[in-house]
Structure formats: structure tokens, C-alpha cells
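The values are calculated or read from the model by the stated rules, or taken from the named source; none is laboratory data. Quick caveat: nothing in here was measured; it's all calculated off a predicted structure. Positions of Cβ are generated from backbone atoms using ideal geometry, with glycine treated the same way; all protein chains shown enter the neighbour counts. Accessible surface areas use protein heavy atoms only, side chains included; no ligands, DNA or RNA. Shrake-Rupley method; radii C 1.70, N 1.55, O 1.52, S 1.80 Å.
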Amino acid sequence: MGRLASRMADLGTETAFDVLARTRVLEAQGKRVLHLEIGEPDFPTPPHVVEAGIRALRDGATKYGPPAGLGQLREAVCERVLQDVGVRASPDEVVITPGAKPILFFAILATVGPGDEVLCPDPGFPIYESVVRFAGAKAVPVPLRPDLGYALDVDAAERLVTSKTRLIIFNSPGNPTGGMVAPRELERIGALAQRHDLWVIADEIYGRIHYEEQHTSLAALPGMRERVVLADGFSKAYAMTGWRLGYGVFPRALVEPVTRLVINSNSCTAAFVQLAGLAALRGPQEPVERMVAEYRRRRDLVVSALRATPGIRCALPQGAFYAFPDVRQLPLPASALATHLLEEHGVATLSGTAFGPGGDGHLRISYVSAPEVLEEALRRIRAAAEALVERA
Ligand code: PLP
């Protein structure tokens, strides 16, 4: 049998998919599992988007297309980022990929390599650290500030910058915390990047999903376009996870290298999927607004139930669709608690440690399921917590 390349040892995974696989085993044994682990909207893709995809297939959009994406979609992305977050870009600065994940992957591969260091949020989406290591670079975890909407701790980041630091990765609204970074903190992150001449990946995949506060894009701040990769996509805002469609708005210098990475890997993104995406961007936006309003109701339901549970404290998430309750007062570490909830109570959650050591003492709860499912799951979590507290 052949051997694996040594670089494979550096490539991690996403625990959500592992937990999902474990729940499937339990379900195959006839157990009912309530899913709070995966970040996938339970809404269907808006019908006009589905129709546009079908029409495109019927019209023959089934061939190779331009590697960086269809011109019309790249134009529509520019219109939307201008309208939504005031980012000015031209279509030739936009690259379309199958999901936002390839934007992260290609942007990291294009900007860092062995000997380089990358500041990554801790807790943060685990793919950042995994891909940074795969690229041969060192991931340097930066703590988040719960008191500042889980913004990167800029003072800590400043202390962690070295002559080898090349890139900061940053995510708001954030996974796993649901936090949103205020414009003032964004400015500080921008200033840090400028002071040390760093690239920035602003992962704004949840940019359309926010509640009380408005989302500000780091790419919209003065002087930042030339160093910020704005990563976004259709999975979350338009409930299109399985279509695989994302985009990056890139500094001009990165467009050609990233397009070359596309040519070397996936060649292009399926044309009929892009045409469905065009309908999503240019068509009515009410479906997005309706979904966000529903997420907000579910957030309120989940947070008030968690706050009524002994041993659990929970901040009010401002964006995305995750709650990040603090479970340190319960007598089990977060990862053992997540296993206990799944195996004994049929509730799948993720331990905060799946997002880095900074997530210790927390669970990530995804509130994308129907309210009845959430209510039942939270009743079970409460019963589990009461029993644990009583037993301790
Ligand atoms: N970035 C973050 C923070 C995410 O949570 C996810 C998906 O869970 C992605 C990127 C990837 O999204 P996509 O489905 O567009 O690849």
C-alpha cells in the first residue's frame, strides 16, 4: 500500500461533520437525535432561484465556463456588495468558486507558505487553522473578546505579530460565537493590518444574517480594499448549501494567482449554479429577510431557554445562527458534556473546543432547526443539566 504525503498530517477537519456521522450511526440504531450541530439552514432554497437553475440547465448551461466565473454574476456581486456594505469593486476583482470554502483555501494558499505566520481567531472556524498549516505556515491563535462582541483581541494580536506575520483571518458575524464586531473594533483591526502590512481575509459568509446591529465590512473601510479578501457566498443567506456557490472580492494583485488555483483545481464553477446565484442576487430579497426574521425568533427562544437552565450562561448572539453558551458551571468539561448530551439525551451539539482551545467551557448550538425541534432539544438539555447539578 502507498504512503500518504506528509502534508496530510497537517490537514484537519470540521468536527461538525464527524458529529453528524456519529448521529447517523445512532439514528440507524433507531434512536431519535435532535440536530443542533450543523450550520445548515433548514429552509428550502427560494423557488425563483431553483427555477432559474432548472431553466439554465434546460438552456444548455452545462459546459465549461470562464475560470473566474460568469461576467454577469461577477457584476451582480459588485452591485450587491456596493448596495449592502458599500464596498466598491469591479467585476474583474471578483472570483466565483464552488462555495466560500475554496475562497478561503485559495486565498490562504496564495498568500502564505513555510516560515509565515497567520493570526487566526480562537475560537474560530476550524478550517482556517487547518488550511494555514496545510500551506506550511504557522497558525497563531488570537483570543476573542466576549465583552466586545467576540471581536479579535487587537491588543493580544498586536503582541502576537512578528516579522513573519503575513495574514489575519477574521470572521464577523462569527462562527461559533454569533458575535458581531463593532465598527470601532474593525477599524482597529484594519489599522493593525496596515501598520504591519498584512493581508486580511474577512470571512463575511454570515454578513446577511444579523439582528440588532448592522454589519460593516472590513473591506469598506478606507484603504483596506487593497489588502482585504472579502469571502462570501450563497450557502447561508440564500439557503443554498448544497449548490456550492461562493465568491471572493479580491485585492487586484490576488485575482490572477487565485484564478490560476481555480484552473488547477476545479476549472470553473458550474454555469447553471452560477445562473441560479444570479437570480438570488438580482431577484427579490424578501426570502432572505424572512429567513433572518425567523432566525431571530429562534435565537430568542434558544437564548431564553438556555438562560433558564441551571449551570448555563448565554450571551445574546448578534448575528449568524449560533448560540455559544458558557457551561463552565456544570460539572462536566464541554467536550464530555457534548458527548453526554448526544449519547444519553439524543441532542447533538458541538463542544466549543472543536473551534480551538479558546472555545473551552462552551457549547456551540446551531439554531437552524424548526422551533418544535429546538424546544424539545432545549427541554432535554435542561433536564440533563438539572440531573448533572443534582448529582454533583
Ligand atoms: N466560513 C464560515 C465561518 C462557515 O461557518 C462556513 C460554513 O459553515 C463557511 C465559511 C463555508 O461556507 P460554504 O458553504 O460557502 O463553503
### Message
Can you compute 3J(HN,Hα) from phi for each residue in the stretch 127-139, using the Karplus curve 6.51 cos²θ - 1.76 cosθ + 1.60 with θ = phi - 60°, rounded to whole Hz and x for Gly and Pro?
### Response
5, 4, 5, 4, 6, 4, 5, 4, 6, x, 8, 9, 8
### Query
Pick from Pro121, Pro143, Pro222: which is most flexible by mean-square fluctuation in a GNM of the chain where alpha carbon atoms under 10 Å apart are linked?
Pro222
### For Arg166, solvent-accessible area (1.4 Å; no DNA, RNA or ligand), Å²
90
### Message
For the pair Thr13/Ala191, report the inter-label distance in nm, with labels modelled 7 Å from Cα in the Cβ direction.
### Response
4.3
### Task
Can you find, among Phe250, Thr45, Asn266, the residue farthest towards the positive end of the dipole of the chain? Put +1 on the C-beta of Lys and Arg, -1 on that of Asp and Glu.
Asn266
### Query
Taking H as built 1.01 Å from N, whose amide H comes closer than 5 Å to the amide H of Val142, not counting residues under 5 places away?
Cys120, Asp122
### Query
When the accessible area of the chain is computed with all protein chains present and a 1.4 Å probe, what percentage of it is carbon and sulfur?
53
### Query
222 nm [θ] for the chain, helices only, -39500 (n - 2.57) per DSSP H run of 4+, per residue, to 500?
-13000 deg cm²/dmol
### Task
For Leu350, list long-range residues whose amide hydrogen, built 1.01 Å from N in the peptide plane, is under 5 Å from its own amide hydrogen.
Arg364
### Task
With springs connecting C-alpha atoms under 10 Å apart, model the chain as a Gaussian network and identify which of Gly69, Gly352, Gly60 has the largest mean-square fluctuation.
Gly60
### Query
Roughly how many whole Å is it from the C-alpha centroid of the stretch 189-233 to that of the stretch 1-63?
27
### Query
Length gain on complete extension for the stretch Leu20 to Glu343, per 0.36 nm per residue less the alpha carbon to alpha carbon distance?
115.0 nm
### List Ile127, Ile108, ordered by accessible area with a 1.4 Å probe, largest first
Ile127, Ile108
### Message
Give me the one-decimal nm value for the distance between modelled label points at Arg379 and Gln29, 7 Å along each residue's Cα-to-Cβ direction.
### Response
2.4
#### Entry: Gain on full stretching of the segment that runs from Ala156 to Ala5 - 0.36 nm per residue minus C-alpha separation
50.9 nm
#### Entry: Per-peptide average of other Cβ atoms within 10 Å, ordering 230-242, 320-332 highest first
230-242, 320-332
### Message
Please list, ordered by chain and number, the residues whose modelled amide H lies under 5 Å from the amide H of Thr165; skip anything fewer than 5 residues away on the same chain.
### Response
Glu117
